[in-house]
1. Give the aspartates and glutamates whose C-alpha is closer than 19 Å to that of residue A:291, dropping any in the same chain fewer than 8 places away, or say none.
2. Quote the Stokes-Einstein diffusion coefficient, in whole µm² s⁻¹, for the range A:221-280, based on the Kirkwood radius over alpha carbon pairs, a temperature of 20 °C and a viscosity of 1.002 mPa s.
3. Can you work out D for the protein assembly as shown in µm² s⁻¹ from Stokes-Einstein, where Rh is the Kirkwood radius over C-alpha pairs, the temperature is 25 °C and the viscosity is 0.890 mPa s?
4. Averaged over its residues, how many other protein chain Cβ atoms are within 10 Å of peptide A:432-444's Cβ atoms?
5. Expressed as a rounded percentage, what relative contact order does chain A have, with Cα pairs under 8 Å and six or more residues apart?
6. Over 26 Å between Cα atoms: which of A:230/A:386; A:293/A:392; A:106/A:386; A:293/A:495 fall into that group?
7. In angstroms, what radius of gyration and Dmax does the range A:44-106 have, counting Cα atoms only?
8. Can you tell me how much longer the chain between residue B:52 and residue B:89 gets when fully stretched, taken as 0.36 nm per residue apart minus their C-alpha distance, in nm with one decimal?
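Quick note: the coordinates plus some simple rules give every number you see, no bench work behind them. All values reported here derive from a predicted model rather than from experimental measurement. A quick note on method: Cβ atoms are made from the backbone with ideal geometry, for glycine too, and the neighbour counts reach across all protein chains shown.
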Amino acid sequence: MFGGDIWANLINGFSVVLTPQHLLFVMLGVTIGTAIGVLPGIGPSLTISLLLPVTFGLEPISAFVMFGGIFYGAMYGGSTTSILVNTPGESSSVVTAIDGFQMAKKGRGGAALATAAIGSFFAGTFATLMLMLMAPLLVRFALQFGAPEYFALMLLALSAVTGLAGQSAPKAFFATLLGLAMGMVGIDLQTGQARFTFGNLNLLGGIDPVMVAIGLFAVGEVFWAAGTLKRTFEETVTLRGSLLMNRAEWQRSWPAWARGSVIGFIIGVLPGAGATIASFLSYNAEQRFAKGKHELGQGAIEGVAGPEAANNASAGGALVPLLALGIPGSATTAVMLVAFQIYGLRPGPLLFQEQGDLVWGLIASLYIANLALLVLNLPMVRIWIKLLDVPKPVLYAGILTFSLLGVYADTQNTFSMVILLALGVLGFLLRRYDFPLAPVVLGAVLGPLIEQEYRRSLAISVNDYSVFFTRPIALVLMTLVIMSFLVPIFNAVWKASRRRTAVTAGAVGEIED
Amino acid sequence: MRAIRWVALAIVMFGAFYLWGALQIRESTTYAAVGPRFMPNAIGLGIVLSGVWLFAFPGAPPAPDSPQAMSLDWVSIGLMVLLVAAYVALFRVAGYVLATTLLLWGGAQILGDRHHLVRDGVIAVALAVVIYYVFSQLLRINLPPGPLGF
């Protein structure tokens, strides 16, 4: 089943996916993915959330190869907007805009698009290869996991999110807890008690995490656009010249792609960090190692090549813990976990054994998706640029319409639209006060699971709490959890105390708070 | 006091409300040590703590050019919220196509598309009709027909 059979499994995966129907869904996925990548304000987690009610009637494999294509495609498409409009198409392409837009102004926009697309292909293929090699190893290890290990692992995923998301630890901590709090609403599966329903029958079924994702990301974004759209000015550069890189640009891109791929994959596997942090870390690496580091900020090709490779590699990396352990580390993989749940599937070690065709079909489809995306994003880039001509007010009104439609189609209930409106206002407020949104979605998905594993652990040990600290793997994981909570606290206290010493030293100029 | 400290206070109050909500959960009298109240209590406590933490360490004030410091068009935001509320209220009464046309057209106007009243109207009607037929005919997901039958 494992190990040396990887190649046999992969060939099997290709044979599953290379049918007209499945190929059609791969193509559909990469096309949608690129489109939403190019359009600012719509990301992969939101798109997959909106598509869930529609895909319910499909075979799981069709749905998942499409989601995989959307996830990868969004990472490709995001760079186009960053380079030509100086507005990132995705948050993971924020840093790309710095040097990419400068390159476009100098007439090297074509080369910037080329290095982004080819680097994305290189990184995406590398990450898929690593996913294929690493996931089965992790699965073999995870087969020994019981409830206490899964509990500790999910707690670790949440605490890592808290430690890594955003600038402010208390804000990330609150965002995670808010998601967990939403996950508690509804009937408690173990005892049948209603929780936080306040007598409202519509709340008995709980708040669907998909709705949380749509409300926070889509509806919140529309409210945000209402508040800002008339006050922002966009400077667009038309694409001039060829889409070919010259010799020097190739030579400078290669090392950046390689660094970005490795950084991106590692960050992707770690829970909580995700594509945006991967792209920033890659940019930092370029500032240190790139040949043209003194040009960074004024249109150095490494500043595009590295981060764009990194965000693609992180997408492949994020699929490792999702598929092998059933634990999502980002908003997009959290929504994909919900998709698995809708189909009655549980990602994790057993998925590899029981649904080999699905898992390997998905992995094989990612290789195909990468190839398709390279074609879609390089020779055909001029078509995608046209998407940017869609008037923003119409675009956002459309997003709002599809959000409300998605939620209604899923529940056949207008009350769910009321909750969606409330979540949209919440998303707007969280964004205004700079709270990270992904941990909320992650918390809403993981909340019920984490509680289940916690209670299951204590049922196994007959209410002996030492179960979390006496099993070796659980002990290691719990130690990591405790460390990840203590580090930001120490950090904050240390910073505060240093600030106080700074005051006594008379360096008042630096204290703004 | 800075706005973020008010947010922190609101978080503390929300945590207290959540803990009160947890008290309303009936604890079952079964064997398990961990009942349905345990996790909600832990989460509520955590929320209160996160609010206190944020109050104590609110971080540096937002940079003048950041989205947090930007002055917002509150009228448009309020109109947008009202539009969605009206949409929900009209959804069953007016039917999907009518309500959605209003949402799309009204939304585009609020978002600042004042010079394209007719074009947006055409887009709104077309999109609403297409969605209605794709969902009710092809996907067999029911959308409210309204008094006009669509």
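1. Correct list for residue A:291: A:99, A:249, A:302, A:308.
2. Details: Rh = 15.5 Å.
For the chosen part, D equals 138 µm²/s.
3. Using the Kirkwood radius from Cα pairs, D works out to 95 µm²/s.
4. Per-residue shielding by partner chains comes out at 2.
5. 27 percent
6. Correct reply: A:293/A:392; A:293/A:495.
7. 15.0, 49
8. Gain on extension, residue B:52 to residue B:89, equals 9.5 nm.
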